[in-house]
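Notes follow once the structure below has been shown.
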Amino acid sequence: MELSIGKNIQNKRRSMGMTQDQLATVLGVSIAAVSKWETGGTYPDITLLPPLARLLDSTVDDLLGFEAQLSDEQVKALCDRCAKQFETSSWESALDLCEKFVREYPNNLLLKLRIGSVLMMHTPCAGTEDAAAELIGRAADLIREATKSEDIQIRDAAWLSLSGLLIQQQQYEDALKALEEIHRSAADPEAMKVSVYYAMGNLEKSKQTAQYLLASHTSACDIALVTLSKIARKENNYPLALRMENLSLQLSQMFDRDKLYGQDLVHHLMIARYYTEQEKIREALDALHRFVKCAKMPNSPEAVKESPFFDRIEMNKTSISKDFLDRCAYQMVKEEQAFGPLKDHPEFINILKELEQ
């Protein structure tokens with residue numbers, strides 16, 4: 001772990017108008033020793049830390065740059081660095097950086113949850129199936145630790161993420177058990193809070209609560225429709241499968257969810273897949289053109305601020321870059337086996353080129 005004590009000593013000394021010579025004289029050390037501290041060549045002897053801190057009107061923790069806990073913003077900043085490392089370097093170096101932060105803050109369960117999520121999202125960066133399995137396995141370990149958090153929001157989010165990982169690993173019974181661990185109530189208090197805040201005359205709080213409630217329920221409807229679509233497709237009922245996907249798109253447009261990057265990508269992809277499986281090439285290509293249009297949207301959570309449905313909701317900006325998401329969108333189309341009949345079609349080739357660019 002690299003200490004920032006040298007830079008901290010220098011900054012505090014200068015802010016007090018003190019020279020290296022004066023600092024050295026008071027502490028009974030040489031000017032060269034102080035110079036080496038400030039340039040990072042050496043560290044002060046541990047016995048000098050208390051008098052050094054008192055002299056600089058500071059604390060030992062402050063000099064060492066020690067932080068007992070990270071703020072949510074600091075956790076996000078560390079995870080952003082990990083995500084960038086995955087996208088600009090090798091997956092091994094990115095994993096090393098993740099492990100470094102986990103070692104530095106071993107008791108921060110929010111950090112473990114978020115880094116576990118970063119590992120999950122960046123499995124496409126792994127070059128082999130074994131490497132991807134290593135990332136997924138490490139993500140599962142970190143997220144399992146986060147399920148022990150005393151913070152109910154962190155704990156519930158960890159159980160939810162863990163269930164997703166277990167589904168990827170085809171451990172379906174364990175995924176159901178993970179979901180059973182999530183705290184739930186027989187009644188949804190948020191629905192009643194909307195009315196209570198309104199009755200109190202707190203219109204702003206009533207609006208914000210209503211918007212969070214709407215976001216939660218539209219998301220649940222989308223998941224339900226997607227699942228019903230997949231079931232209909234397995235039953236060879238393509239008209240019903242397409243109807244479910246189009247209802248999801250209508251729901252997205254109705255509540256301005258279509259203003260968010262990536263919300264409708266999977267729906268356009270599934271529609272293209274269903275049409276291809278029915279040998280309806282024209283319809284499939286049209287759906288892929290809509291996929292490309294959706295992929296070209298900016299990845300900005302601020303887009304919902306113009307919506308009367310979600311303008312009071314705080315949207316979290318993802319740690320993942322738009323460039324990485326674009327590459328994932330390209331791979332989604334390129335590697336979809338159902339599009340085999342389209343691979344030599346000039347329009348499909350141009351669609352891949354657009355996505356690649």
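The values are calculated or read from the model by the stated rules, or taken from the named source; none is laboratory data. Predicted model only: the values in this text are computed from it and were never measured. Every residue, glycine among them, receives a Cβ derived from its backbone with ideal geometry; neighbour counts consider all protein chains shown.
Is it fair to say Val196 is out of contact with any Asp or Glu (no Cβ under 8 Å at 6 or more places or on another chain), β-branched (Val, Ile, Thr) and part of a helix (DSSP H, G or I)? First the steps, then the outcome.
Numbers: out of contact with any Asp or Glu (no Cβ under 8 Å at 6 or more places or on another chain): yes; β-branched (Val, Ile, Thr): yes; part of a helix (DSSP H, G or I): yes.
Judged against the criteria, Val196 is a match.
Of all the helices (runs of 4 or more DSSP H) wholly in region 104-187, which have at least 3 residues that are over 19 Å from the mean Cα position of the chain (by Cα) and of a type outside the set (D, E, K, R)?
Because the criterion is at least 3 residues that are over 19 Å from the mean Cα position of the chain (by Cα) and of a type outside the set (D, E, K, R), the helices (runs of 4 or more DSSP H) in region 104-187 that meet it are 172-180.
Which one is farthest from Cys98 (Cα to Cα) among residues in region 19-40 that are in a loop (DSSP other than H, G, I, E, B) and without any contact (Cβ under 8 Å) to a residue 12 or more places away in the chain?
Per the stated criteria, the residue is Gly28.
With respect to Met192, determine if the residue is out of contact with any helix residue (DSSP H, G or I) (no Cβ under 9 Å at 6 or more places or on another chain), free of Cβ contacts under 8 Å to residues at least 24 places away in the same chain, surrounded by fewer than 14 Cβ atoms within 10 Å (Cβ to Cβ) and among the hydrophobic types (A, V, I, L, M, F, W, C).
yes
Which residue, of Glu38, Glu87, Glu73, is more than 30 Å from Asp326 (Cβ to Cβ) and acidic (Asp, Glu)?
Only one candidate qualifies: Glu38.
Just for region 91-109: of the residues that are touching a Leu at 6+ places or on another chain (Cβ under 8 Å) and not hydroxyl-bearing (Ser, Thr, Tyr), which one is farthest from Ile152 (Cα to Cα)?
The initial filter retains those residues of region 91-109 that are touching a Leu at 6+ places or on another chain (Cβ under 8 Å), namely 91, 95, 98, 101-102, 105, 108.
Those left that are additionally not hydroxyl-bearing (Ser, Thr, Tyr): 91, 95, 98, 101-102, 108.
Values: Trp91: 32, Leu95: 28, Cys98: 24, Phe101: 23, Val102: 21, Asn108: 14 Å.
This residue is Trp91.
Tally time: how many residues in region 293-344 are crowded, with 16+ Cβ neighbours inside 10 Å, hydrophobic (A, V, I, L, M, F, W, C) and at pLDDT below 80?
Count: 3.
Taking Leu64 as meeting all but one of (1) surrounded by fewer than 19 Cβ atoms within 10 Å (Cβ to Cβ); (2) out of contact with any Ser or Thr (no Cβ under 9 Å at 6 or more places or on another chain), write down the number of the exception.
With (1) surrounded by fewer than 19 Cβ atoms within 10 Å (Cβ to Cβ); (2) out of contact with any Ser or Thr (no Cβ under 9 Å at 6 or more places or on another chain) applied to Leu64, the lone miss is (2).
Filter region 245-296 for residues that are under 22 Å from the mean Cα position of the chain (by Cα) and in a loop (DSSP other than H, G, I, E, B) and give the result. Outline the logic, then answer.
Residues of region 245-296 under 22 Å from the mean Cα position of the chain (by Cα): 252, 256-267, 294-296.
Hits for region 245-296 are Asp256, Leu260, Tyr261, Gly262, Gln263, Asp264, Lys296.
Considering region 216-235 alone, what residues qualify as being of a type in the set (S, T, N, Q) and either exposed (fewer than 14 other Cβ atoms within 10 Å of the Cβ) or in a loop (DSSP other than H, G, I, E, B) (or both)?
Just the residues of region 216-235 that are of a type in the set (S, T, N, Q), to begin with: 216, 218-219, 227, 229.
Result: Ser216, Ser219, Thr227.
Of everything in region 110-130, what is farther than 29 Å from Ile152 by Cβ and not small (Gly, Ala, Ser)? Give them in sequence order.
Pro124, Cys125, Thr128, Glu129, Asp130
Could you grab me the full set of residues in region 54-87 that are modelled with pLDDT of 90 or more, closer than 24 Å to Ile5 by Cα and among the small types (Gly, Ala, Ser)?
Ala77
Do you know which of the residues in region 88-126 that are surrounded by fewer than 17 Cβ atoms within 10 Å (Cβ to Cβ) and over 30 Å from Glu150 (Cβ atoms) is modelled with the lowest pLDDT?
Checked region 88-126; the qualifying residue modelled with the lowest pLDDT is Pro124.
Has region 68-76 got any residue that is within 30 Å of Ser319 (Cβ to Cβ), among the aliphatic types (A, V, I, L, M) and either outside any loop (DSSP other than H, G, I, E, B) or touching a Lys or Arg at 6+ places or on another chain (Cβ under 9 Å) (or both)?
yes
Scan region 115-129 and give yes if some residue there is touching a Lys or Arg at 6+ places or on another chain (Cβ under 7 Å), free of Cβ contacts under 8 Å to residues at least 40 places away in the same chain and either of a type in the set (A, V, I, L, M) or within 16 Å of Asp72 (Cα to Cα) (or both), otherwise no. Even if it seems obvious, please write down each step before you answer.
Taking region 115-129 and keeping what is touching a Lys or Arg at 6+ places or on another chain (Cβ under 7 Å), we get 119.
Imposing the further condition that a residue be free of Cβ contacts under 8 Å to residues at least 40 places away in the same chain reduces the set to 119.
Filter once more, so that each one left must be either of a type in the set (A, V, I, L, M) or within 16 Å of Asp72 (Cα to Cα) (or both): 119.
Yes: one or more hits.
Can you name the number of the only condition in (1) in contact with a helix residue (DSSP H, G or I) (Cβ under 8 Å, 6 or more places away or on another chain); (2) in contact (Cβ under 8 Å) with a residue 24 or more places away in the chain; (3) more than 14 Å from Gln168 (Cα to Cα) that Lys84 fails?
Of the numbered conditions (1) in contact with a helix residue (DSSP H, G or I) (Cβ under 8 Å, 6 or more places away or on another chain); (2) in contact (Cβ under 8 Å) with a residue 24 or more places away in the chain; (3) more than 14 Å from Gln168 (Cα to Cα), the odd one out for Lys84 is (1).
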